[in-house]
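Heads up, the thing below is written out as structure tokens.
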Amino acid sequence: MKIVGAILAAGTSSRMGRNKLLLPYKGHTVIEEALVQILESDLDEIMVVTGFEKDCIEQLVQKEYKDRIKIVYNENFRLGRAESIKCAVRNVGRQAEAILFMVADKPSVRTNLINGAIAEFKKKSPEILYVKTPAGRGHPIIFSKMLFDELLKLNGDMVGDEIIAEYKNGVAELGDGEVQSDIDTIEDYRILTE
């Protein structure tokens with residue numbers, strides 16, 4: 001079963017006031033930490049969906065990882081996260097049986113969790129699998145190719161909630177006791193790097 005990973009890295013970091021993906025984190029940057037974790041996983045292919053400040057992001061990730069990732073530019077990134085999801089689906093390739101989504105601003109999501117989600121998806125073959133954390137639904141989230149057309153109908157900041165509700169009988173959860181910290185504000189970043 002071929003599962004392609006997509007890191008969504010197109011957002012404008014509007015609440016941060018600067019591109020949060022370029023902030024220092026564990027000896028490199030936030031986006032590089034996300035890439036390190038996903039590149040060590042069992043995914044068959046990995047793409048990075050860029051948008052805001054694409055040149056900076058693409059130059060950074062190509063420097064170290066160009067032979068291991070595919071970069072896809074979302075020219076409609078200002079219209080919301082759904083555009084990045086659709087951009088990834090359009091570029092996933094015909095052989096893919098599922099797509100695993102990660103956001104680039106959750107550097108605390110580790111390889112073992114990604115691999116756990118992949119293994120659970122392959123074992124159960126659901127239409128959707130997501131990680132359930134103490135705070136609710138987290139990442140990664142995997143969609144079967146059966147739902148690719150549904151993902152292409154998303155708009156704005158719709159990120160699949162409606163699809164998950166509609167296909168609730170085909171949803172699998174993978175429990176994770178860790179809190180997944182988003183970096184949305186300077187305070188979030190400070191807490192995560194303390």
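Where a number appears in this text, it was derived from the coordinates with a stated rule and is not lab data. As the structure is a computational prediction, the values presented were derived from the model and not from experiment. Using ideal geometry, Cβ is built from the backbone for each residue, glycine included, and neighbour counts are taken over all protein chains shown.
Sorted from fewest to most neighbouring beta carbons within 10 Å, what does the list ASP105, ASP55 look like?
ASP55, ASP105
Just grab the label-to-label distance for ASP161 and LYS124, each label 7 Å out from Cα along the Cβ direction, in nm (one decimal).
2.2
Arrange THR50, THR12 by Cβ neighbour counts within 10 Å, fewest through most, would you?
Ascending number of Cβ neighbours within 10 Å: THR12, THR50.
For the chain, set up a Gaussian network in which alpha carbons nearer than 10 Å are linked by springs, and say which option among VAL49, VAL92, VAL159 fluctuates the most.
VAL159
When DSSP assigns beta bridges and you keep just the ones with both residues in the stretch 3-193, what percent turn out antiparallel, to the nearest 5? Provide the component values of the computation, followed by the final result.
Values: 12 of 34 bridges.
The antiparallel fraction comes to roughly 35 percent.
From Cα pairs below 8 angstrom and at least 6 apart in sequence, can you work out the relative contact order of the stretch 1-120, rounded to a whole percent?
Once normalised by length, the contact order is 41 percent.
Among ARG110, ARG190, which comes first, then next, by fewest other beta-carbon atoms within 10 Å?
ARG190, ARG110
Enumerate the lysines that LYS153 could reach by cross-link, defined here as Cα to Cα under 24 Å, with residues fewer than 8 away along the same chain left out.
LYS2, LYS70, LYS86, LYS145, LYS168
Taking the chain as a Gaussian network, where each spring joins two C-alpha atoms under 10 Å apart, which residue of ARG15, ARG137, ARG90 fluctuates the most?
ARG15
Test of the criteria: in the stretch 4-49, which GluC sites (Glu not before Pro) are in a DSSP loop and have at most 16 other Cβ atoms within 10 angstrom of their Cβ? Display every interim value, and only then the final one.
Values: sites: GLU32, GLU33, GLU40, GLU45; in loops: GLU40.
Answer in residue order: GLU40.
Taking Cα centroids, how far is the stretch 6-27 from the stretch 143-189 in Å?
Each part reduced to its Cα centre gives a spacing of 19 Å.
Working out 0.36 nm times the residue gap between HIS28 and LYS168, then minus their Cα-Cα distance, what length gain in nm do you get to one decimal? Don't jump to the answer; show the numbers that get you there.
Values: separation 140, 0.36 × 140 = 50.40 nm, distance 3.87 nm.
Roughly 46.5 nm would be gained on extension.
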